1. Which numbered condition trips up Trp144, out of (1) in contact with a Phe, Trp or Tyr (Cβ under 9 Å, 6 or more places away or on another chain); (2) farther than 26 Å from Ser534 by Cβ?
2. Pull up the stretch 146-182, narrow it to residues that are part of a loop (DSSP other than H, G, I, E, B) and of a type in the set (A, V, I, L, M, F, W, C), then point me to the one that is nearest to the chain's Cα centre (by Cα).
3. What about Arg215, is it touching a residue at least 12 places away in the same chain (Cβ under 8 Å), touching a Gly at 6+ places or on another chain (Cβ under 7 Å) and either assigned to a helix (DSSP H, G or I) or closer than 17 Å to Ala156 by Cβ (or both)?
4. Would you tally the residues in the stretch 456-486 being surrounded by 21 or more Cβ atoms within 10 Å (Cβ to Cβ) and among the β-branched types (Val, Ile, Thr)?
5. Looking only at the stretch 470-499, count how many residues are within 15 Å of Arg364 (Cβ to Cβ) and not in a loop (DSSP other than H, G, I, E, B).
6. In the stretch 103-126, what count of residues is obtained for those that are of a type in the set (Ser, Thr, Tyr) and farther than 14 Å from Pro145 by Cα?
7. What is the number of the single condition among (1) assigned to a helix (DSSP H, G or I); (2) more than 25 Å from Val112 (Cβ to Cβ) that Lys194 does not meet?
8. Checking the conditions here, which among Leu505, Leu452, Leu456, Leu467 is farther than 24 Å from Ile541 by Cα, outside any loop (DSSP other than H, G, I, E, B), among the aliphatic types (A, V, I, L, M) and at pLDDT 85 or above?
Amino acid sequence: MTGPVGPGSARADIRGQDGRSEGQRSIRALQFTRGARRAVGIGAGVAASFSSGGGLRASPSRRQGGGMLVVPEGSATPPSAQVHESPSQRPSRQFSRWSRRYTRRLAAADAVTGFLAAAVPSAYSHTLNGWTLVVLALTAAVVWPLAIAFGHGYDARKVGVGTHEMRAVLQSGVRMVVLGAFPAGLADHSAFLKLAVVWSPLAVILSVALRCAARGYLHRQQRQGRNVRRVVVAGSSAGVRQLTEQLRRDPFSGMKVIGACVPATEIGEKIELGVPVLGDLDDVSAVIHASNCDALAVTSGYATGNNYLRRLSWSLEGTDVEFLVDPGLIEVAGPRMHIRPVVGVPLLHVEEPQFSGSRRIIKRVTDILLTVVGLIFIAPLLAAIAVAIKIQDGGPVIFRQVRIGRHGEPFTMLKFRTMIPDAEERKSALLQRNEGNGLLFKMAQDPRITRLGYFLRRFSLDELPQLFNVVGGSMSLVGPRPHLEKEIAAMPTDAMRRSLVTPGLTGLWQVSGRSTLSAEDSVRLDLRYVENWSLTLDLLILCKTTFAVLARKGAM
């Protein structure tokens, strides 16, 4: 951890605007790092605030040793009495330890997965038996987690966030097919060749399912405030407020903002950040030491420009604190962003989103294969539901409705009928009781829904006929949900970008709250998918959809 420059200072000289030479500032920074355990004014105030559970206020006029003094709201303790802290008073940094334990357990589970993926097919082989089978299974138990580790699939910093974990598993599966099948083919050993081709896909399926379950558990924990990164945000008040709101809006970010540091000139102003102000920008390192946070997020802007970020990163070396920089881009994911250093300046290159070409062809082929296989397995269920609807009231089994698809082209979407036959004629009388998110008509207790319809909607079984839309090409398994023409007309202009991709049976907003989301959040999540779609993201959404349906989350 880092602390103040010297025994009597809790203020870090990181901005370098004091007129001293570069060498003097470097020596000052080195002294700052070595004095990590000597935090006084800020450390005492922050520690007292966390232990008391109260709010914080920052007073630029009350300084001790040159540092910003931060004390709990309503505290009558004078500054001179708040100068010492013990490790037991500081909040503990638990996420780094928990995330490492999480990845170790994941690796152990992958070892079991590799063993089963090799042992089960081998058990049905006529040539692989006895000790050969045992050796192959044990080898797979070692090789499979090593392959995932080679692809950085156990990076504790990326636990529960993004598609990196899933992508590492998929890439490992491809490597294992090549590395296993190639030597088996050269040796003309058909049994080993068959095992390599069967083992890798099976291991991938099991490991992906394992990660979906583990991530679902993690997200439930994080929604309850456990196993989250405790983050301090530094930057201008506007930047801090925007980043804090974004992190709060995303329930799966895994981050909890515990405080902020803003420019000294803005501390005296009336600002509403929604989080306590722990100090100014020169106090960041001392605040981090005192709060024992897991990560520091710095917003972009003039206040954090020039050499500020470089000196701040120096002061954090060896602290095990993640250093995050918000580039100011909205809804652009990692695969589209690359750092390109030019004459010593790291420039962020943002690639254009891809809506056509080979990736779209692969997505289409994947849709057809998965859908056809799925239809074969659920054909008896589809027949049983159709018979039950027909017996119920003798009305039509399928409900057809015109929706807007890719490039604004209308198409007929199919669903199992869950309402009485004349439901559309009765809709106008119920508009004032709409409980939807503003664009969609929803009612938790819609009198038009039949008893069987409630059951079908409860588990989203009414959506299954849309698999035929997927086979026909008017829909995809994953994508923005198709809307009615009048709903599209009521959306903001930016929402028109949704039509750049094929609408889907499920999507980001369906696995993030479904009917419980606001209209703005639904559009925002659809646009996030459009801007960042990939096969790995599709796989992750399909896994999340399974858990969302089983949990009946947001279903209406």
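The values are calculated or read from the model by the stated rules, or taken from the named source; none is laboratory data. Everything numeric in this text was worked out from a predicted model, so none of it was measured. Cβ: placed from backbone, ideal geometry, glycine included. Neighbour counts: every protein chain shown.
1. Evaluating Trp144 over (1) in contact with a Phe, Trp or Tyr (Cβ under 9 Å, 6 or more places away or on another chain); (2) farther than 26 Å from Ser534 by Cβ leaves (2) as the failure.
2. Val161
3. Numbers: touching a residue at least 12 places away in the same chain (Cβ under 8 Å): yes; touching a Gly at 6+ places or on another chain (Cβ under 7 Å): yes; either assigned to a helix (DSSP H, G or I) or closer than 17 Å to Ala156 by Cβ (or both): yes.
For Arg215, the condition - touching a residue at least 12 places away in the same chain (Cβ under 8 Å), touching a Gly at 6+ places or on another chain (Cβ under 7 Å) and either assigned to a helix (DSSP H, G or I) or closer than 17 Å to Ala156 by Cβ (or both) - is met.
4. Residues in the stretch 456-486 being surrounded by 21 or more Cβ atoms within 10 Å (Cβ to Cβ) and among the β-branched types (Val, Ile, Thr): 2 in total.
5. Here is the first cut: in the stretch 470-499, the residues within 15 Å of Arg364 (Cβ to Cβ) are 470-479.
Still in the list and also not in a loop (DSSP other than H, G, I, E, B): 470-472, 476-478.
Total meeting the criteria: 6.
6. Of the residues in the stretch 103-126, 3 are of a type in the set (Ser, Thr, Tyr) and farther than 14 Å from Pro145 by Cα.
7. The single condition Lys194 does not satisfy is (2).
8. Leu452
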